[in-house]
Amino acid sequence: MKNYFIIFIFSIFLISSCSRNAADDKDKTVFRYNESVGITSLDPAFAKDQACIWATNQIYNGLVQLDDNLEILPCIARSWKISDDGLIYTFYLRDDVFFHDNELFKNLPTGQAGGKGRKVIASDFVYSFSRIIDPKIASPGAWIFNNVNNLLNDNKFNFKALNDTTLLICLKNPSPPFLGLLSMQYCSVVPKEVVEHYGKDFRKHPVGTGPFKFKMWKEGVKLVLVKNENYFEFNGTKRLPYLDAVAVTFNTDKQSVFLEFLKGSIDFLNSIDPAYKDELLTKKGSLNPKYKNKFNLLTQSYLNTEYLGFLVDSLSPLHEKNPLLDKAVRKAINYGFDRKKMMKYLRNNIGVPGIYGFIPLGMPSFDSTKMKGYDYDPELSKKLLSKAGFPGGEGLPEITLSTTSTYLDLCEYIQQQLSDVGIKIKIDVNPPATLREMIAKSKIAFFRGSWIADYPDAENYLSLFYSKNFCPAGPNYTHFSNKVFDENFEKAQNETNDTVRFKYYREMDSIVMEEAPVVVLYYDQVIRFCQKNITGFTSNPMNLLNLKRVKKNNIGK
């Protein structure tokens, strides 16, 4: 009887404890979203796609940051000074920023970030930036520092810590976009102790300075980040972030994700999937009236160009007897389908047809009156095929277009329209991570891609066609190479006069359109659906996910 009594008392205690924990969990504010394409790394050195950028943006910080209007603001750098010749950047760092608590930080004075963290100093940025340009790391962001000069003619240093709070970067040539480049997640600060301890496994043991710190990641299943109680940014007297945690799932079933959102189990949906676009949106792109009291629709312009890319490297083994090396065939594809109809029926007019250049609407250098891309002209498409030696498509081999399931409807539409002019397209559907890796390693001859601005300057888009940026070291996935383009690109990098620089940009964009290494599909629009109990949820034209000011009201949830 004594044993039964002990078991009974223990059971009562356990039930009480579980109830108390459940109540505590209910009080926690957890922002939940799904990432169907998956996350390949939590190391900012490899933050090359939106999924990784969104996650790393919660964990890390850099010298500077962008606001919702793409203005460059201080972050870990409280201020900076640029020399009159535009070559020397001096950054003055905050002295109250700490890395997340981690057992690898030893022998630190108590009271610093809970006694476990370590203060960020200028040499941490020297280490982090030097790591990005280290060929052994093979970061896809190494190109960011192509214009950085060795300081004081000392080959040992590309970046210099003058003291704990002063960092010096010297450029070879003036570069107006350079501050914007430093806002990219590649340029986040990381702790040497942790990176060198884990090596390549740092990708799944991240330690940064951001508003949220790493809790757990079961790849392909769930990622959990929790509030950084020692975060250095405040809103007035209130320390950020407001949320207690961020939970990311990796469900690849879009319909299932949509149903979870309708139930309130997910806090927001990004973009619009063909499976439910007609359910959520009217043909004019506004929210379906029946959902107005259930959740909110947020839209704004988006610096994102959706495109099809050709690998135009004649040395590639993929191009043996490949007709895509012929510019006339690439142009025939460009003229062979109706982008305006595609946007109306497949996108509910979310976005703008890509009939100008590769640089999207929203960039200061964009001018629709001076840029001409490709519009629907099936007769011209047929003439170009004949010029290439394939009249009516006769003798033209089937061309494989690689994509993901998300864009299958667009690719099938293009496939159908191109068949009318004699071009046969075979669609190869791949998992997103697989497709990204194959594109980065130049293993695909024709692929669907997108380019979201990393920093708010058209140079970012044109860098995809600069010959010194061939992937995997840079973002030139088509391996496009043109001498005149390269000369203009380098001139634009050294030009501080916006009017002159924008002229170079338009000339380069015109070269890209003439040589046709890409097929511009459309210029996208940010479109987000979020639950009514979410506030402070904003975006910018680069669709960055910034959760440090988001609040969630758990009442009724």
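The values are calculated or read from the model by the stated rules, or taken from the named source; none is laboratory data. All values derive from a computational prediction rather than experimental measurement. Glycine gets a Cβ as well: all are built from the backbone with ideal geometry, and neighbour counts include every protein chain shown.
Write out, first by first residue and then by second, each pair whose Cβ atoms fall under 7 Å of each other, whose residues are 6+ apart or on separate chains, and whose first residue, in the range 366-384, is in the same structural domain as PRO353 (by TED's automatic domain parsing) and polar (S, T, N, Q) while the second is outside any loop (DSSP other than H, G, I, E, B) and crowded, with 18+ Cβ neighbours inside 10 Å. Between residues of the range 366-384 that are in the same structural domain as PRO353 (by TED's automatic domain parsing) and polar (S, T, N, Q) and residues that are outside any loop (DSSP other than H, G, I, E, B) and crowded, with 18+ Cβ neighbours inside 10 Å, the close pairs are SER381/ALA332; SER381/TYR335.
The single condition among (1) farther than 29 Å from GLU279 by Cα; (2) among the aliphatic types (A, V, I, L, M); (3) buried (at least 18 other Cβ atoms within 10 Å of the Cβ) that LEU380 does not satisfy is (3).
Selection over the range 479-488 of residues that are assigned to a helix (DSSP H, G or I) and under 11 Å from PHE465 (Cβ atoms) gives a count of 3. For the range 383-400, the candidate set comprises residues that are in contact with a Leu (Cβ under 9 Å, 6 or more places away or on another chain) and buried (at least 20 other Cβ atoms within 10 Å of the Cβ); within that set, the residue that is nearest to VAL520 (Cα to Cα) is LEU385. Taking the criterion of being touching a strand residue (DSSP E or B) at 6+ places or on another chain (Cβ under 7 Å) and either modelled with pLDDT of 95 or more or over 18 Å from TYR455 (Cα atoms) (or both), the residues of the range 524-547 that qualify are ILE527, ARG528, PHE529, CYS530, GLN531, LYS532, ASN533, ILE534, THR535, GLY536, PHE537, LEU547.
Is at least one residue of the range 60-69 in a loop (DSSP other than H, G, I, E, B), modelled with pLDDT under 90 and touching a Gly at 6+ places or on another chain (Cβ under 8 Å)? So far as the range 60-69 goes, no, none of its residues is in a loop (DSSP other than H, G, I, E, B), modelled with pLDDT under 90 and touching a Gly at 6+ places or on another chain (Cβ under 8 Å).
Residues in the range 431-478 that are closer than 15 Å to ILE144 by Cβ and free of Cβ contacts under 8 Å to residues at least 60 places away in the same chain were compared, and the one that is surrounded by the fewest Cβ atoms within 10 Å (Cβ to Cβ) is ASN476. If a residue must be outside any helix (DSSP H, G or I) and touching a helix residue (DSSP H, G or I) at 6+ places or on another chain (Cβ under 9 Å), how many such residues does the range 367-388 contain? Qualifying residue count for the region: 10. Considering only residues in the range 489-523 that are part of a loop (DSSP other than H, G, I, E, B) and modelled with pLDDT under 95, the one that is surrounded by the fewest Cβ atoms within 10 Å (Cβ to Cβ) turns out to be ASN497. A single member of ILE399, ILE350 is modelled with pLDDT of 95 or more, aliphatic (A, V, I, L, M), under 27 Å from VAL37 (Cβ atoms) and in contact with a strand residue (DSSP E or B) (Cβ under 6 Å, 6 or more places away or on another chain), and it is ILE399.
Inspection of the range 308-326 finds a residue satisfying the criterion of being in a strand (DSSP E or B), in contact (Cβ under 8 Å) with a residue 24 or more places away in the chain, within 15 Å of VAL520 (Cβ to Cβ) and not aliphatic (A, V, I, L, M).
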